[in-house]
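Laboratory data are not the source of any read-out in this text; all were calculated from the coordinates shown. Computed from a predicted model, the values in this text were never measured in an experiment. All Cβ positions, glycine included, derive from the backbone under ideal geometry; neighbour counts span all protein chains shown.
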Amino acid sequence: MHHFLLYIILTSSLISITNSCFFTPKWNVYLINDTPDSFAAHVMSKDDDLGNHTVPPNANYYFSFCDRWDRTSQFDAEFWWDKKYQCLGVVNDFARSKCHWLARCYWLVRPEGFYVSMYNVPFPRPEWTFVKSWG
Ligand SMILES: *[C@@H]1O[C@H](CO)[C@@H](O)[C@H](O)[C@H]1NC(C)=O
């Protein structure tokens, strides 16, 4: 019985150390609205559809995931804003190259387009990399 309890305690602390992911990083992704109007964002991967979410100005949509063992999880997002539309990979090889040190990506959605950074610093700053304009 005591061994069993010890096992439970060790296992649960191991799980919290690894942020509830088993031996792969937990990624955190934020889609920040830096426009004067709401946008809608629809995030999906091959396996998961996270749904369509409305994000008011100055708010963000957040999601997290446990990376695949081979670090190849990918997420795409569709955006609707002010009669404009765009689709982009919010977790792909390029976003990973910008965010991998912290496994954390901030996407800044602005009237002129989309920027990515691993730090949520004020805009404009060199940390923000311009990725795409609206379609
Ligand atoms: C998501 O919501 C926006 C805004 O309401 C809408 O224009 C768009 O068609 C919706 N997309 C999907 C896939 O439901």
What lysines sit close enough to K84 to cross-link, taking a C-alpha to C-alpha distance under 22 Å and skipping anything fewer than 8 places away on the same chain? K132
List the aspartates and glutamates whose Cα sits under 19 Å from the Cα of K46, skipping any in the same chain fewer than 8 residues away. D67, D70, D76, E78, D93
Let me know the longest stretch in the chain that avoids all trypsin sites (Lys or Arg not before Pro) found in a DSSP loop with at most 15 other C-beta atoms within 10 Å. 84-135
Could you work out how much longer the chain between T72 and K84 gets when fully extended? Use 0.36 nm per residue separation minus the Cα distance between them, nm to one decimal. 1.4 nm
What is the diffusion coefficient of the chain in µm²/s, taking the Kirkwood radius over Cα pairs and the Stokes-Einstein relation at 37 °C with a viscosity of 0.692 mPa s? 204
Over the chain, what is the percentage of antiparallel beta bridges among all DSSP beta bridges, to the nearest 5? 85
